[in-house]
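Mind having a look at this structure? Questions to follow.
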Amino acid sequence: MRAETLISLAAAHGVDLERAARQGVPRRNVVTKRFQNGRRASILIEPPTSRARGAETRSSQRPTWSTHEIALACVGVPELEFRAALFAFAGARSHYWRLIDALNCEAQRLQARHEWPERVPDIHGIPIEYTRHLAKQVLDLDQHPNLFQVAPALHWIYLNTTERVWERQLAEPFNAIQFEWLRWIGSAASRIQARLRDDEG
């Protein structure tokens, strides 16, 4: 499927893949708080939908779909997209390393196509390979978006490199790899949603 077609399909379901790839995670669960000493800091807030009504009663928000629902709705979905859907929508981590391997393969293809450097310097100036680290970071950001939102420095700390190296050499590859991830889960989501709507009708 062509990227333009996928972007159009995702837009029809209210998912803006281009914006998501450019901007990363929305700030809906982060606020700036002012402390007594005048210091300001970004802090996480609990989403209102994840709380149960009642005094001092808390409840975790259920995943978008259960693993069982996704499995039933994934007939005809390519295996890679199916695994991505289980990870992103149901929180199933059994294919975590396989997804990293698949994203790393995609990252290496992108690296060759866009002529990204093979290595970048770490904080000591020692050249390191980075595509597998970026592939893993994409999945970890998908599972813990607020951590990266509150502490953007995690992006370069994750690779043991500097902010300058991140901004000049790694941010673009990261965004491209993240776009591939969003493409996988966007394609799976459109198929799953169509199947679930058919089952409800």
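Among the candidates His155, His95, single out the residue that is in contact with a Phe, Trp or Tyr (Cβ under 7 Å, 6 or more places away or on another chain), under 30 Å from His68 (Cα atoms) and without any contact (Cβ under 8 Å) to a residue 24 or more places away in the chain.
Criteria check complete, one pass: His95.
Looking at the stretch 153-171 only, could you name the residues that are under 17 Å from the mean Cα position of the chain (by Cα) and part of a helix (DSSP H, G or I)?
Leu154, His155, Trp156, Tyr158, Leu170, Ala171
In a loop (DSSP other than H, G, I, E, B) and of a type outside the set (Lys, Arg): is that true of Val120 in this structure?
no
Now a separate question. Being surrounded by 16 or more Cβ atoms within 10 Å (Cβ to Cβ), under 16 Å from His124 (Cβ atoms) and among the hydrophobic types (A, V, I, L, M, F, W, C) is the filter here; which residues of the stretch 142-171 pass it?
Of everything in the stretch 142-171, those that are surrounded by 16 or more Cβ atoms within 10 Å (Cβ to Cβ), under 16 Å from His124 (Cβ atoms) and among the hydrophobic types (A, V, I, L, M, F, W, C) turn out to be Trp156, Leu159, Val165, Trp166.
Among the residues of the stretch 172-194, are any in contact with a strand residue (DSSP E or B) (Cβ under 8 Å, 6 or more places away or on another chain) and more than 29 Å from Val77 (Cβ to Cβ)?
No, because not a single residue in the stretch 172-194 is in contact with a strand residue (DSSP E or B) (Cβ under 8 Å, 6 or more places away or on another chain) and more than 29 Å from Val77 (Cβ to Cβ).
Follow-up. Name every residue in the stretch 123-152 that is hydrophobic (A, V, I, L, M, F, W, C), free of Cβ contacts under 8 Å to residues at least 24 places away in the same chain and either outside any loop (DSSP other than H, G, I, E, B) or in contact with a Cys (Cβ under 6 Å, 6 or more places away or on another chain) (or both), in order of residue number.
Correct list: Leu147 only.
Looking only at the stretch 90-115, filter to residues that are among the charged types (D, E, K, R) and in a helix (DSSP H, G or I); which one of those is surrounded by the most Cβ atoms within 10 Å (Cβ to Cβ)?
Glu106
Any read-out appearing in this document is the output of simple, stated calculations on the displayed coordinates, not a laboratory observation. Just so we're clear, the structure is a prediction, and the values are computed from it rather than from any experiment. Neighbour counts run over all protein chains shown; Cβ positions are idealised from the backbone, glycine included.
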